[in-house]
Every structure is written in C-alpha cells, then in structure tokens.
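Scroll down for the structure; my scribbles are underneath it.
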Amino acid sequence: MGYQEYDHDMEKAPIGPASVADDGAVPGESFEYGDTTYAKLQRLAGKFNIEQRGIERVPENERHDDSLLNVGTMWLSANMVVSSFAIGLLGKSIFFLGFVDAILVVLFFNLIGILPVCYFSTFGPRFGLRQMVLSRFWFGWHGVKLIAFFNVLACIGWSSVNSIVGAQLIHAVNHDVPGFAGIIIIAICTFLVTLFGYKVVHAYEFWSWIPTFIIFMIILGVFAHSGDFQNIPMGVGTSELGSVLSFGSVVYGFATGWTSYAADYTVYQPVRQGRTKVFFSTWLGLIIPLLFTEMLGVAIMSATSINDGSNRYQDGYNASGTGGLLAAVLFPPLGTFGKFCLVVLALSIIANNCPNIYSVALTMQVLGRWTQRVPRFIWTGVATGVYIAIAIPGYSHFEAVLENFMNFIGYWLAIYEGIAFSEHFIYKRGMNGYVPEHYDQPSKLPPGFAAILAFCFGIAGMVTGMSQVWYVGPIALHAGEAPYGGDVGFELGFAFSFTTYSVLRYFEKKHFGR
C-alpha cells in the first residue's frame, strides 16, 4: 500500500507504509498499517471529508487554493471580532490613557505587530510547510519543541480569552444564561468548523466578517448619534510614557499573535503565487479590522468618563465587561434588535478561535513521535476540551487575564521573531537558503543550541523590561513612573534574542557545519 487516495485530493494524507513519518521514523512503522487505530481513524475522517493531512509537506501538485481573497479574508474575519474591540477598552480601563494617545498607540503598534505575520505567510506557498515545521529550520529538530510548547499555550490561551469575551456578550443579552454556557456554545461551534480542516476554515472565514462588520457599523452609528463621545486629552510626563509603552505591548501582542501559525493558512497556495501579493493580502486582512475595531473600542470606552450622575456606560462595563458596555450603547435606542446585534458579535468569536484551534492540533504533532500518531482532528477535540476547562473559572476575572495573557504572547513571539529573522536574513540569506526536503531530516537541520541559548537571552531581556503587577524589571522601572514604569519587554526580548543568536549561530555553524 502506497498512498491512500481520497476524492478530496487537496486534503489527502499518506497513511500507508510507503509514506515517510515526519518525525524521522523509518517508513512502514506499525501505526501506519491499515488495521491500526490510526489508519481506521483516518479512513473514518475520509468518509466525512475531514482533512487528514497533518504536518506533512503539501506536494506542489495538490496546492489548488490560488485565491488571494482566501488569504485576506482569513485574517479579516479572524480580527473583525469583539475580541479586537475589547483590546481598545484596555487603553483607558487599565492604562488610563486619553483618546488621542490611545488611538496613536493602536495605530503604530499594530503596524509593527502585523509585519511578521505578513512575512511568514509568504513561506506557505514557497515551501508547503506549516509554521511550526518551518521553525525547524531556525530552531532545529529538538529546539522547535520548546517553541511548539509555547505555541500550544498561546493557542489554548487565546481561545480561552476569546470565549470569555463572547460569553460576556451572551450574558449581557440574557442574564439567565450563565458564563459557562456561553463559553460552551462558542467552543462547540468553533470545533465543528475546525474539525473539517483547511478548506472549511477558509470557507467560513471568507464570509463571516460581513455580518460582524455590519453590526460594528451599527454600533458606530448609534454611538456617534448619541453625542456621548469624550475626546479625553493626551497626558504628559513619565507616567504617560509608561502607560503608552505598556498599552503598546498589549496591542502588539494581539497583532503579532498570529505569527506562530501564519504559514498554516497559505500552504495550499501554489508555488507560483506572488510573494508580494500574499504579503499585502495578509496585511490588508489584518490592518483593516484591527484598526477599525480597536479604535472603536477606544472611542466608546471614552464615554465612561461622563460625569452626570449615573453613567450607563460605566455601569454596563462594571456589570458585564465588554458585553455590558456594548449593551449600554445598543439597548436604549435599539431594544430587542440591539440584543440581536450582541448575539451576532458573541458568535464572531468563532472566527477568531478557528485559527487557534486548527493550528494547535498541527502544533501538537510537532512535539513528538507519539503526538504525530494521533490524527489532527483528535487533537482539535482535545484542545477544545482543555480551553473550556480554563475559560470557565477565568470568566469572573477576565480583564486581568486578558492583559497578562496579551503581554505573555508579545514577549515570547518577539523572541521567536528575533531568532527567526536572524537565521533567515543573515544565515539563510533569503528563501533560496532553504532546502524544504530537509524538514523531516534531523541530521540536516540546525542543531538548535544557538537558538535555545538565544531564547534564554531573550527571556533575560524580557525580564529586565517587563512591567507587571507582580514584577517590574529594572529597565521597565526607568521607562515610566514608579512603581510600574513602562513595559518594554517585547522590544528587549527581540533585541537580545536577535543579537545573541546572530553571534552564537556563527560558532554553531562553524562547529557543526549545518
């Protein structure tokens, strides 16, 4: 038995003994034979048109998705969601920024944060490899498992945070629906989309931004008509500097959070697809919804500053977070239709969670030989159960969870980006420096010592620059007003990892020759 063929050839996967295991196993290992549980599960998946390919390289003759609209709308839908709106609220609620300075932070830190996502998206058509598998060319066969571990935490964490936001909206519509019920509803819907794989995820994201965008435009129109917008002036001094840097770290973390699975959604694009076109399709798909939703959040949150006795915006926010604030905008003028709008926004979380839950399954397969023997769609189900278990107890203190998690994302991905860009531009010297056939050959990949050491140095830089409630680094303390300073963790994490890897990799390559 060679390849098991299926009607949906774009999503077929090798399960016969002629295939080569991605973890370097000898072809024909027992789990690949037709009577094993693995093979039976794959055949079952084939009957329901569920994508069976995991982290195996996509052959050039199977890359049939040549639509640039698929590239752009993937990210347009994933970010035209209420989670992005919630980021804008943090500018005032956590960092006490005025309207103008918060808007500028949203603009510039998003422009920085999305660049790695756009660039790594161009790797998918060129190599047909998922982002975590591509990372083997920078971190080595064993070193990439550390990155995969962080990525699993990120995917699960994102999904938990997002589902909490959606549950808040459902609770704001109907207080009889507890938070855990909203979380479960969103999680099950997300699972049903991601279960079937690449094609269904792209099909869903192609359309799902439309109703959400319409609802956001209604919110914008109603709020503008209310006259409750407060143009809070910019602050000055070291306290302002610290708040700008710390809010910027959160915005950057949200924008760059897609980096670790950017290539996952372009692997079925043909090799001939122009890299510039893929880059700018991704760029437009990211920048438009991020700026629109976050700036809208900044504007509406400004209404909580109104001092006229009972402030319905502040009361709504205190009662049910993001959902309560939006209810304060929509319910008085729109009534029942306003509740319908909130339900649509709550379901927009599905579009945001789909990339997380699809990619976490692929990341799990990078962790080891046994994890690859579990089909992708099984890992999708396991991940769904795990983030439900995390989100339910986290529902009651969402704001603190969101801020801390966004910072964590920004920190580790900045370190990842520093190492990846150093290897790519200095040592690989562009795309021609890769031999994609080596992706499953440990002896031809970098040893990974330089990457791991550079990652540790990046963490050291991050620690000196981070500003959290529980710890403020010595450099962060000088970037703002005591006691919290300003968060420069991701900037220093990137600088430390890029610099140290650039030096260490020279000696590693000289000694090992690869």
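The values are calculated or read from the model by the stated rules, or taken from the named source; none is laboratory data. These numbers were taken from a predicted model, which means no experiment stands behind them. All Cβ positions, even for glycine, are placed from backbone atoms using ideal geometry, and neighbour counts span all protein chains on display. Ligands, DNA and RNA are stripped out before the accessible areas are found, and what is left, the full protein with its side chains, is counted by its heavy atoms. Shrake-Rupley method; radii C 1.70, N 1.55, O 1.52, S 1.80 Å.
Figures for the structure shown
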read-out	value
Of GLY257, THR336, GLY324, farthest towards positive along the dipole that unit charges on Lys, Arg, Asp, Glu beta carbons give the chain	GLY257
Sites ALA181 and ASP315 - FRET efficiency at Förster radius 22 Å, r taken between beta-carbons, to 0.05	0.40
Average projected area [Cα convex hull, segment 114-207], square nanometres	7.9 nm²
Semi-axis lengths, Å, segment 439-497, gyration tensor of Cα atoms, sqrt of 5 times eigenvalues	33, 8, 8
Computed [θ] at 222 nm, deg cm²/dmol, the chain (DSSP H ≥ 4; -39,500 (n - 2.57); rounded to nearest 500)	-22000 deg cm²/dmol
For segment 52-210, with +1 on Lys and Arg beta carbons and -1 on Asp and Glu, the positive-most of LEU111, SER163, ASN61 along the dipole	ASN61
Residue-normalised accessible area of segment 423-510, expressed per residue, 1.4 Å probe, Å²	49 Å²
Cβ charges +1 (Lys, Arg) and -1 (Asp, Glu), total dipole of the chain, debye	1040 debye
Kirkwood-based shape ratio for segment 178-325, expressed as Rg/Rh from alpha carbons	1.03
log₁₀ of I(q)/I(0) at q = 0.16, 0.18, 0.23, 0.30 Å⁻¹ - segment 220-273, Debye sum with one point per alpha carbon	-0.79, -0.82, -0.93, -1.05
Magnitude of the charge dipole, segment 243-349, Cβ model with Lys/Arg +1 and Asp/Glu -1, debye to 20	420 debye
Cα-based shape type of segment 370-506, given that a ≥ b ≥ c are square roots of the gyration tensor eigenvalues and the cut on a/c is 1.5	oblate
Partner lysines for LYS510 [C-alpha distance under 20 Å; skip if fewer than 8 residues away on the same chain]	LYS428, LYS444
Accessible area (Å², 1.4 Å probe, nearest 10) - ARG57	60 Å²
Farthest positive-ward along the chain dipole, Cα basis, beta-carbon charges - from GLY72, SER93, ILE50	ILE50
Centroid-to-centroid separation of segment 156-212 and segment 406-432 [C-alpha atoms, Å]	30 Å
All Cα pairs of the chain, percent lying beyond 42 Å	18 percent
